[in-house]
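Q: The structure under discussion is supplied below as structure tokens; questions concerning it will follow.
Values quoted throughout were computed directly from the atomic coordinates according to the rules given, and no laboratory measurement underlies them. No experiment lies behind these values; they were computed from the predicted model shown. Backbone-built Cβ (ideal geometry, glycine too); neighbour counts: all protein chains shown.
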């Protein structure tokens with residue numbers, strides 16, 4: 001039952017974390033990145049006092065810190081993607097890519113999946129094709145009646161979603177190389193996330209001012225939701241294993257797609273675009289589930 005609780009929190013938190021701040025008006029997504037990473041850092045500091053700092057030194061902290069910077073750049077890409085494409089489509093593109101890219105990194109850098117049977121290889125190839133097919137369904141679902149958005153600004157949305165798919169599947173690599181446990185590495189990771197978010201704001205000369213006091217809490221709550229999902233995902237992976245835990249966590253794409261269609265109305269519910277986007281999410285998730293559980 002505890003594993004079920006961890007799974008539910010992870011899927012719900014990671015499926016909804018973008019929603020609270022999605023419609024907060026701001027001049028650029030750099031501001032959103034700053035406040036989200038601030039919330040993650042504050043939470044990591046509190047957790048670190050309870051979990052301890054065993055093995056954490058300047059020599060071991062710099063790699064997770066770099067991972068945090070990669071996360072911040074990926075977060076900015078994700079916010080651009082959701083702003084231009086809507087949550088359902090952007091999330092449906094980058095979530096399956098997270099699994100694909102992370103498995104490729106495992107093969108290239110850590111020699112994973114090289115000594116497996118023919119059946120597993122066939123299933124892996126089929127899974128990749130299914131995932132790509134699902135992503136194409138999401139991409140080409142379109143938003144009916146919005147041709148200008150599809151031909152112009154949507155290009156940046158697709159690039160943002162692709163950047164999030166690659167970046168969020170890569171930020172864990174420095175952590176793994178460091179040899180630190182994820183619990184200990186979360187503090188320098190969060191520090192890197194915040195530093196990256198702050199530098200992005202400084203370079204872009206983005207204002208941190210929001211129109212209403214309630215907007216600050218809405219943007220910070222986005223970071224808190226991501227952090228809650230992250231820690232519960234760690235607990236779930238600790239009990240179920242990384243492969244199964246990571247696969248279950250990716251079911252958040254279903255929650256996000258439902259929010260995007262039925263709450264954000266992007267695309268509008270009941271339209272062909274909405275049905276195609278949701279079908280693409282289901283197809284990509286099935287492919288990711290099979291791929292994530294291969295030995």
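Q: How many angstrom separate the Cα center of the range 259-295 from the Cα center of the range 1-67?
A: Comparing the Cα centres of the range 259-295 and the range 1-67, I get a distance of 25 Å.
Q: What number, rounded to the nearest 500 deg cm²/dmol, is the helix-based mean residue ellipticity at 222 nm of the chain, given -39500 (n - 2.57) per DSSP H run of at least four residues and division by all its residues?
A: Mean residue ellipticity, 222 nm, calculated: -26000 deg cm²/dmol.
Q: Still on this model: Based on other C-beta atoms within 10 Å, arrange 217, 129, 26 from fewest to most. Please report the intermediate quantities before stating the final value.
A: Working: 217 16, 129 11, 26 20.
Starting with the residue having the fewest Cβ neighbours, the order is 129, 217, 26.
Q: If you don't mind, another one. Can you classify the range 154-212 as rounded, prolate or oblate using the Cα gyration tensor, where a ≥ b ≥ c are the square roots of its eigenvalues, rounded means a/c under 1.5, and otherwise it's prolate if a/b beats b/c and oblate if not?
A: Details: a/c = 2.78, a/b = 1.38, b/c = 2.02.
Taking the square roots of the gyration eigenvalues as a ≥ b ≥ c, the range 154-212 is oblate.
Q: Would the range 97-240 count as rounded, prolate or oblate if I go by the C-alpha gyration tensor, calling it rounded below 1.5 in a/c and otherwise prolate when a/b exceeds b/c, oblate otherwise?
A: On the way: a/c = 2.15, a/b = 1.18, b/c = 1.82.
Oblate.
Q: Let me ask another. Give the shape of the range 1-127 as rounded, prolate or oblate, defined through the alpha-carbon gyration tensor: a ≥ b ≥ c are the square roots of its eigenvalues, a/c under 1.5 means rounded, and otherwise the shape is prolate if a/b is larger than b/c and oblate if not. Mind dumping the intermediate values first?
A: Details: a/c = 1.67, a/b = 1.20, b/c = 1.39.
Judged from the Cα gyration tensor, the range 1-127 comes out oblate (a/c at least 1.5, b/c at or above a/b).
Q: Arranged from highest to lowest average of other beta-carbon atoms within 10 Å per residue, in what order do the peptides 76-87, 117-128 appear? Mind dumping the intermediate values first?
A: Details: 76-87: 25.6, 117-128: 13.2.
For the peptides 76-87, 117-128, the packing ranking is 76-87, 117-128.
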